[in-house]
Amino acid sequence: MRALVTGGAGFIGSHVVEALLAQGHDVVALDDLSSGKRENVDRRARLEVVDVRDADAVTHVFAAFRPDIVSHQAAQVSVSISTREPVRDAEINIIGSLNVLEAAAKHGVGRVVFASTGGAIYGEVPDGTRATLDTVPLPLSPYACSKFAVEAYLRRYRHERGLESTILRYANVYGPRQDPHGEAGVVAIFTERLLAGQPVQVNARRTLGDGGCVRDYVYVDDVVRTNVRAMTGAIAAPIVNVASGVATTTRELLEAIESASGAKVEIRESERRVGDVERSLLEPSVDAMGSITPLGDGIAKTVAWFRARGR
Ligand code: NAD
C-alpha cells in the first residue's frame with residue numbers, strides 16, 4: 001500500500017516509516033523538520049518538507065502520492081510550550097490536523113491513525129487505578145485540549161465523510177532516537193546525562209525527596225507495531241490505549257537506567273513542579289498492541305543505542 005507518515009522525521013514517526021518499509025509498503029514522510037531530522041528518515045522513503053499548517057502544500061502531497069493509509073504523528077509536542085503559546089499549539093495541532101484530514105477525505109484515504117495522548121488527556125489518575133477507555137478525559141493543558149479536539153473531529157470525519165480512523169492514546173513513549181534536548185522525554189534526558197557522568201534532577205511528586213511522579217513508560221517498538229496494525233486494518237477498536245500499564249516512579253526509572261548501563265548517577269532533589277500530573281497510568285489495550293515490552297528490556301535497548309551514538 002501507499003503509506004503517508006506525518007512527522008515522519010521525528011522520534012516515533014521515523015520508526016513507523018521504517019516498520020512500514022519493512023512490510024513492503026511505499027512510504028512518504030511529511031515533516032517540516034522543525035524538530036525532526038532528515039537523517040532520521042530511511043532513504044527508501046521519500047521526504048516531503050511541508051508544514052501541516054500549509055493546507056495547499058498538504059493537499060498537493062496527497063494529490064500527488066494518493067496514499068491509501070496515513071499515520072498522523074506531526075505535532076507541537078510540548079505541554080509547556082502549549083501553555084505559553086496556546087494559539088500556536090492549536091494552529092499546528094488542530095488546524096494542521098484538519099488540513100491532513102481534509103486532504104485525506106478528499107483523496108480517498110482508507111484509514112488515518114492519529115497519535116493522541118493518554119498521558120495528557122486523562123489528567124490525574126488516582127492511586128490504585130488505571131485510566132481505561134471508559135475514563136472520562138479531563139484535558140487540562142492546551143496540548144491535551146488540542147489532541148482531544150482532533151479526536152472529536154475524527155469521529156465527525158468518520159460519520160460525515162466516511163474516513164475511517166483509529167485513535168492511539170500513547171502513554172510516555174521512550175526508545176532510540178528520542179530527543180534528549182527537548183522538554184519532555186525523560187528517559188532520553190536521563191540516559192544521556194547518566195552516560196556523560198552528569199547529575200540528574202528528580203522533581204518531587206509531593207514532597208522533596210520522594211520517588212517522584214508516577215508514569216507509564218511504553219517502548220517505541222510497541223507504539224510502532226500498534227500504529228502499523230491500526231493502519232493495515234488489524235485493529236477494530238476506534239480508540240486504543242498504547243501503554244505498558246506499569247506504574248513507575250522517576251526513581252524506579254533511574255534505577256532501571258543505572259542497572260542497564262552499569263553506571264551510578266548523582267541525583268539532585270527538586271521541589272514539586274507546578275502543573276505536573278502526579279500520577280499517570282493507563283490500562284493498555286493489549287489485544288490491539290499485540291505485546292508489551294518489559295521496562296528493563298526497553299531501557300537496555302535504549303541505553304545501548306545512546307551509548308553507540310555517543311562514540
Ligand atoms: P517528535 O517531536 O520527535 O515528532 C514530531 C514531528 O512532527 C517532528 O519530526 C516535527 O518536525 C514534526 N512537526 C512539528 N510541527 C510540524 C508542522 N507544523 N508541520 C509538519 N511537521 C511538524 O515527537 P514524538 O515523540 O515522535 O511524537 C509523535 C507524536 O506522538 C506527536 O503527535 C505527539 O504529540 C504524540 N505523543 C508522543 C508522546 C511521547 O511520549 N513521545 C506521548 C503522547 C503523544
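Candidates are the residues of region 159-186 that are assigned to a strand (DSSP E or B) and either modelled with pLDDT under 95 or of a type outside the set (Ser, Thr, Tyr) (or both); the one that is most open to solvent (accessible area, probe 1.4 Å) is Glu164. In summary, Val109 fulfils each of the numbered conditions (1) farther than 25 Å from Asp221 by Cβ; (2) under 18 Å from the mean Cα position of the chain (by Cα); (3) open to solvent by less than 50 Å² (accessible area, probe 1.4 Å) with the single exception of condition (2). The single condition among (1) touching a residue at least 60 places away in the same chain (Cβ under 8 Å); (2) under 17 Å from Val223 (Cβ atoms); (3) open to solvent by 30 Å² or more (accessible area, probe 1.4 Å); (4) not basic (Lys, Arg) that Ala22 does not meet is (1).
For Gln76, all conditions in the list (1) more than 13 Å from the ligand (Cβ to nearest atom); (2) of a type outside the set (D, E, K, R); (3) surrounded by fewer than 23 Cβ atoms within 10 Å (Cβ to Cβ); (4) touching a residue at least 40 places away in the same chain (Cβ under 8 Å) hold save one; what is the number of the exception? Failing condition for Gln76: (1).
Here are some residues: Val240, Val265, Val303, Val246. Which one is assigned to a helix (DSSP H, G or I) and touching a residue at least 40 places away in the same chain (Cβ under 8 Å)?
Val303
The residues listed here are Val218, Val223, Val200; of these, the one that is more than 16 Å from the chain's Cα centre (by Cα), open to solvent by less than 50 Å² (accessible area, probe 1.4 Å) and closer than 27 Å to Ser82 by Cβ is Val200.
Tell me whether region 231-252 contains one or more residues that are more than 16 Å from the ligand (Cβ to nearest atom), out of contact with any helix residue (DSSP H, G or I) (no Cβ under 7 Å at 6 or more places or on another chain), within 26 Å of Gly7 (Cβ to Cβ) and of a type in the set (Val, Ile, Thr). The answer is yes; a qualifying residue exists. From the list Val70, Val52, Val28, the one residue that fits, being outside any helix (DSSP H, G or I), under 27 Å from Asn172 (Cα atoms) and within 12 Å of the ligand (Cβ to nearest atom), is Val52. A Cβ distance below 8 Å, combined with a sequence gap of six or more or placement on separate chains, defines the contacts here; from region 170-185, residues that are under 19 Å from Met289 (Cβ atoms) and of a type in the set (S, T, N, Q) reach residues that are open to solvent by 20 Å² or more (accessible area, probe 1.4 Å) and more than 9 Å from the ligand (Cβ to nearest atom) in the pairs Asn172/Val186; Asn172/Arg215.
The values are calculated or read from the model by the stated rules, or taken from the named source; none is laboratory data. In this text, all values refer to a predicted model and were calculated from it rather than measured experimentally. Neighbour counts are summed over all protein chains in view; Cβ atoms, including those assigned to glycine, are modelled from backbone coordinates with ideal geometry. Only protein heavy atoms, including side chains, enter the accessible area calculation; ligands, DNA and RNA are left aside. Shrake-Rupley method; radii C 1.70, N 1.55, O 1.52, S 1.80 Å.
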